[in-house]
Amino acid sequence: MDDSDNGREWLYERAETMAEINYSALQGHIAMGKPSPVYLICGDEGYLRRRSLEMLKEKYMPDVLPEFNYTEFDGSVCTVDEISAADETLPMMAERRMIVVKDMDAAAISADQYRKLETFLGSVGNNDSCVLIFFNVSVKASAKSGDRQGAMRSLIKKNGTVINCKIPSSAEITDILMAAAAAGGAQISRSDAAYMVERCGNDITNLLSELAKLQSLCGGRITRAAIDANTTQSVDVKAYMLASNVISGKRGDAYRIMEELFDERTEPVAVLAIMSGAFIDLYRAKLASGERKDADGMAALFGEEYKGKEKRLSFSFRDCRRYSPALLRKWCTMLCRTDAALKSSRVDGRILMEKLLAEMFAAVEASR
């Protein structure tokens, strides 16, 4: 192999590490065996952010003298000079060092510190003896190029890897549940894992907690009966079911779910917000159907808004056929009016919500 081939090989390796990937691609990235010099772990799904950090630590955390070869900074108080000095420190009796910087908000630091950060991130790719990880516990890394967080993200993407932990789809969450069950020595069918997501919501941390409870109770095999008997239906799911029962004309079921939500001391504003989302989906589906678009086309149009909600969106397309656009607009107006009343009126929220249900069912009767 001549020098030009070596150059091409080096460029190929560097190109493989300079990217933005999602959580699903992280395992393959790690399997390549060569870490990026710098990472940014960001995105909306907290569990996947934490798990991404764990995976990088499991692979690249030095086993030898970790007290000398691992450094963790609080990004809200540390300086760029401190990070740079740690990055330039040679590993002790190990192949590389690891540095984790938690919650550095580029928009919050001084102009001088930000210029130093830009210079540092511009050169960090030259160091192959340290893995530097910017880990967002709570700070969101903007995808916009016009702000500091966005610029920081772009620099890290150019010189290393951005791991964007987006909200996964329902199918991806189902896969995570099945893998977690198998790792714990239990079995759950794909259909039952998907049902568990429908029942308990798409918060992965909560789902894994419910799964651990089922594993301790059921042992090797988790059944749907066990899921119904031992898991808690999430507030989001209950509020969505409330909206679904209104849409389906099931008056008794709608009032029963509302009673349960109030018994659980759920804030009426929170219930109304989820209900409103369901009716907005219904109205959008009605308009999309008129333009000969299906659920996939609508999900593509709105992007991340419907990530993980694909099945609910298909229900909206199914249910929207029953009602006219005029009735759907009337329902949305009722929801907006109730939202304003909940936030400004002294009337008890429970009374306002019961009045809303009565008006919504009456509107259906009047439209027939």
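The values are calculated or read from the model by the stated rules, or taken from the named source; none is laboratory data. What you see is a predicted model, and the numbers here were worked out from it, not measured in a lab. With ideal geometry, Cβ positions are generated from the backbone for all residues, glycine too; neighbour counts draw on all protein chains shown.
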Residue 151 vs. criteria free of Cβ contacts under 8 Å to residues at least 60 places away in the same chain, of a type outside the set (Lys, Arg), in a helix (DSSP H, G or I) and touching an Asp or Glu at 6+ places or on another chain (Cβ under 9 Å): yes
List the residue pairs whose Cβ atoms are under 9 Å apart, where the first residue sits in the range 24-47 and is under 11 Å from residue 136 (Cα atoms) and part of a helix (DSSP H, G or I), the second is modelled with pLDDT of 90 or more and aliphatic (A, V, I, L, M), and the two are 6 or more positions apart or on different chains. 46/204
I need the full set of residues from the range 67-84 which are more than 15 Å from residue 112 (Cα to Cα) and small (Gly, Ala, Ser), in order please. 75, 76
Being outside the structural domain of residue 204 (by TED's automatic domain parsing), small (Gly, Ala, Ser), more than 24 Å from the chain's Cα centre (by Cα) and at pLDDT below 90 is the requirement here; does residue 15 meet it? yes
Report, by residue number, each residue of the range 206-259 that is touching a Cys at 6+ places or on another chain (Cβ under 8 Å), assigned to a helix (DSSP H, G or I) and among the β-branched types (Val, Ile, Thr). 237
Here the qualifying pairs (Cβ atoms under 8 Å; residues six or more apart or on different chains; first in the range 111-122 and assigned by TED's automatic domain parsing to the domain that holds residue 152 and in a helix (DSSP H, G or I); second of a type in the set (Asp, Glu) and exposed (fewer than 12 other Cβ atoms within 10 Å of the Cβ)) come out as 116/81
Does any residue of the range 82-92 turn out to be in contact with a Lys or Arg (Cβ under 7 Å, 6 or more places away or on another chain) and of a type in the set (Gly, Ala, Ser)? no
Residue ID - surrounded by the fewest Cβ atoms within 10 Å (Cβ to Cβ), chosen from residues in the range 255-286 that are small (Gly, Ala, Ser) and over 16 Å from residue 311 (Cα atoms): 270
Out of the range 228-242, which residues are buried (at least 21 other Cβ atoms within 10 Å of the Cβ) and either among the aromatic types (Phe, Trp, Tyr) or at pLDDT 90 or above (or both)? 240, 242
The condition from (1) farther than 23 Å from residue 234 by Cβ; (2) in contact with an Asp or Glu (Cβ under 7 Å, 6 or more places away or on another chain) that residue 313 misses is numbered (1)
Looking only at the range 243-254, how many residues end up being closer than 15 Å to residue 353 by Cα and crowded, with 16+ Cβ neighbours inside 10 Å? 4
